[in-house]
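As structure tokens, the structure follows; a few thoughts come after it.
The numbers here are math on the coordinates, done by the rules we state, and not lab data. All values reported here derive from a predicted model rather than from experimental measurement. All Cβ positions, glycine included, derive from the backbone under ideal geometry; neighbour counts span all protein chains shown.
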Amino acid sequence: MKLFKYLLPLAVATCGMTASLHAQEGAYSTTTEAQQRDFQSLQEFIKTKRAISIQEKGGNMSLSGDIRGEWYFMKAKSDGHYLRGWKSKKTKTEKDKGDKDKGKVKDAKVAKGGKEKSKKKNYIEPEPTNEFDVEANLILDYTAEKGWGTIRLQMANSAGIPQIERKDKHTSRNIMYGSGTLDKLALRKCFAGYNVWERGTSRFDLEIGRRRLYDVFDSRIQFGSYFDGVLARFASSFEGITDFSLKASAFVVDQRVEHFAYVGELELLNLWDSGFDLKYSLIHWDREGKNSYQKKHPKGVRFVNSQVTAAYNLSPDLLNMKAKVYGAYLHNHKAPKWHGSNYKRANDAFYVGALLGEIVRKGDWSADFCYQWVQAQAVSERDGTDSCRDNPKAVSFYNKKWGGTSNYQGWRLEGIYALTDNWTINAHFDRIYEQDRKIGGNHRSFEFYLATIFTF
């Protein structure tokens with residue numbers, strides 16, 4: 001009871017924090033939000049470590065987590081604009097250009113008034129091609145008679161000596177600057193659940209709180225956003241037929257203008273004991289009212305996406321290991337025709353892939369290959385996941401045709417190897433290029449990721 005006495009106030013205090021990780025505005029910062037999603041086999045491996053009982057709670061509370069060291073090597077270029085490296089400082093965002101224009105107007109007024117014209121320039125930092133991160137995740141799980149709760153604190157900071165404020169390029173250029181951060185703390189998960197009804201193999205649960213959409217719903221090209229809301233889930237098992245589940249959720253997008261989104265998913269797993277899985281999901285982001293900038297029905301919210309996903313789990317006896325092949329097709333029912341999309345609807349996407357192996361103990365390995373094809377209006381630029389189009393300066397597709405995170409095709413190869421029962425080595429390689437050259441021009445990017453992860 002003593003340990004719980006100190007842990008509970010810590011958890012309650014943390015639930016009130018609103019600090020975000022990497023890109024709290026949903027935009028892509030240095031490493032993409034897509035990179036926050038763990039490789040599937042790693043997720044399963046970490047779950048096996050979530051069983052450390054705290055005796056003071058009679059076995060109802062468990063503590064788990066992981067410690068990571070990460071390296072990303074990335075290069076990207078869109079429509080002649082360098083997005084990473086020293087040349088990327090010439091690629092200005094809309095905010096950068098706005099600041100520069102304001103500076104010109106101010107200088108003109110000063111010059112007109114007969115006073116000395118300012119020589120201060122707007123300095124734009126380049127985006128890195130090599131990025132090093134340190135990360136720790138701490139997970140608290142608690143299970144009661146008819147309820148449960150989970151808190152995950154994610155602390156991910158850029159490597160380097162601590163950053164200092166860059167006040168003026170000309171007076172401060174001889175200072176040793178650093179890239180390190182010390183305060184990047186995110187409330188990655190915070191939700192509680194209650195079992196409303198249960199009989200035999202059927203049950204109905206309600207959950208409320210925060211997590212990522214992909215923690216609940218299945219996709220390799222969407223569901224990358226956070227959702228703060230309510231989830232209802234009904235599950236039942238029909239022997240020899242299927243394991244059935246139906247999930248539905250409502251969550252907050254922008255409470256200032258009462259913008260809410262809705263998502264649901266139907267699952268039919270292991271149909272007729274064949275190893276075949278089938279899923280259908282629908283997510284509704286669209287809202288015809290005004291946004292925070294008083295724009296009525298903006299193009300960036302016009303997404304009502306249907307996705308059909310199928311997977312076949314091969315018999316372990318066939319390859320002497322766990323293996324499956326999978327694929328999905330997505331369609332956005334609300335994509336508008338406008339000049340940014342060449343007056344057509346670029347609203348379809350699909351992906352196919354294969355997964356081999358499973359991580360349980362020392363010496364295990366797993367590999368995953370996935371090919372993705374995503375049109376410009378298929379997935380919201382606030383909701384992309386996995387590979388995506390590299391966009392470190394967060395240039396919107398609705399401001400620049402070469403911006404956004406969709407309009408790409410390419411592949412990702414991921415691998416994981418267990419050095420010990422707790423240590424793993426993880427790596428992936430992405431190769432991405434444009435889907436439609438007429439929308440946004442040429443795009444080329446690749447990314448290599450290498451990490452060591454210690455789980456406990």
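Using the average count of surrounding beta-carbon atoms within 10 Å as a protection proxy, the listed peptides 315-328, 213-226 rank, highest first, as 213-226, 315-328. Just so you know, the Rg over Rh for segment 181-334 is 1.04, from Cα atoms, with Rh as the Kirkwood radius. Inverting the pair-averaged 1/r between distinct Cα atoms of segment 248-301 gives 13.3 Å as its Kirkwood hydrodynamic radius.
Sorted from longest to shortest, the spans of the Cα atoms of segment 336-451 along the three principal axes equal 54, 26, 21 Å. For the cross-link pairs Lys279/Lys438; Lys184/Lys295; Lys47/Lys324, the ones whose C-alpha atoms lie over 29 Å apart are Lys279/Lys438; Lys184/Lys295.
Packing order of peptides 400-411, 132-143, highest average first: 400-411, 132-143 (average count of other Cβ atoms within 10 Å over each peptide's residues).
Cα convex hull of segment 289-394: mean projected area in nm², to one decimal?
9.9 nm²
Of the GluC sites (Glu not before Pro) found in segment 249-303, the ones in coil according to DSSP and having at most 14 other Cβ atoms within 10 Å of their Cβ are Glu258, Glu288.
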